[in-house]
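Report on the following structure.
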Amino acid sequence: MAIAQHFLDLAGEWQGTNRLHLSWLPDPLLESRSKATIRTLANGQCIEIVYTWTYEGKPQEDVILLNGDPASPAVRAVWTDSWHSANVLMICEGEAYPDGRISLKGSYSVPDHPDWGWRTDLFIDDADLNYVMYNISPEGVEELAVETRFFRAEAVSPAAAGGSSP
């Protein structure tokens, strides 16, 4: 499978901060807590990432299912969420790079306009999972849309999370 083993090893519970970039707003950065569950499916052939975040106090949920060809670096995915692309499955294609990064591209329809693109990058940095998405205009201009840095949920002790230890 083109998806590197270290991505397959990510199965488990994660938490982090979701940063939604809305460049058209006066205060364009909206942050919320995020949680993710990562699991392997189909005997390790697929990786599913389900993650949550909030927008204006309302819970949101996203899911991406990744799969790759063992004979090439090609990676395919299907992605959807409850806010950006509600009721639509975005088909994405991309590549797993030797450094372990996965980059995927898809597109979505905008009524009465040419399709827009969407790029998703996943990479591991200091054992944290980074999930970064870009909006791509019909002219090819990329703009940061979402960035989430997840760390293993079990890695946080009650004391470090502000609670008391037993």
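The values are calculated or read from the model by the stated rules, or taken from the named source; none is laboratory data. Note that this is a predicted model, so its numbers are computed, not measured. Because the Cβ atoms are built from the backbone with ideal geometry, glycine has one as well, and the counts that use them run over all protein chains shown.
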Checklist line | Matching option when the condition is in contact with a Cys (Cβ under 8 Å, 6 or more places away or on another chain) and surrounded by 14 or more Cβ atoms within 10 Å (Cβ to Cβ), among 30, 66 | finding: 66
Notebook entry, point to check: Can you tell me which of 120, 148, 80 is closer than 18 Å to residue 47 by Cβ, within 13 Å of the chain's Cα centre (by Cα) and surrounded by fewer than 18 Cβ atoms within 10 Å (Cβ to Cβ)?
Noted result: 80
Check: Of (1) among the β-branched types (Val, Ile, Thr); (2) touching a Cys at 6+ places or on another chain (Cβ under 9 Å); (3) assigned to a loop (DSSP other than H, G, I, E, B), residue 78 satisfies all except one. Which?
Finding: (3)
Next item on the list: Looking at (1) modelled with pLDDT under 95; (2) within 22 Å of residue 12 (Cβ to Cβ); (3) not aromatic (Phe, Trp, Tyr), find the lone condition where residue 37 falls short.
Entry: (1)
Note to self: Given the criterion free of Cβ contacts under 8 Å to residues at least 24 places away in the same chain and over 15 Å from residue 150 (Cβ atoms), identify the matching residue among 63, 50, 78.
What the structure shows: 78
Margin query: Scan the stretch 76-98 and tell me whether some residue there is touching a strand residue (DSSP E or B) at 6+ places or on another chain (Cβ under 9 Å), at positive phi and among the acidic types (Asp, Glu).
Written below: no
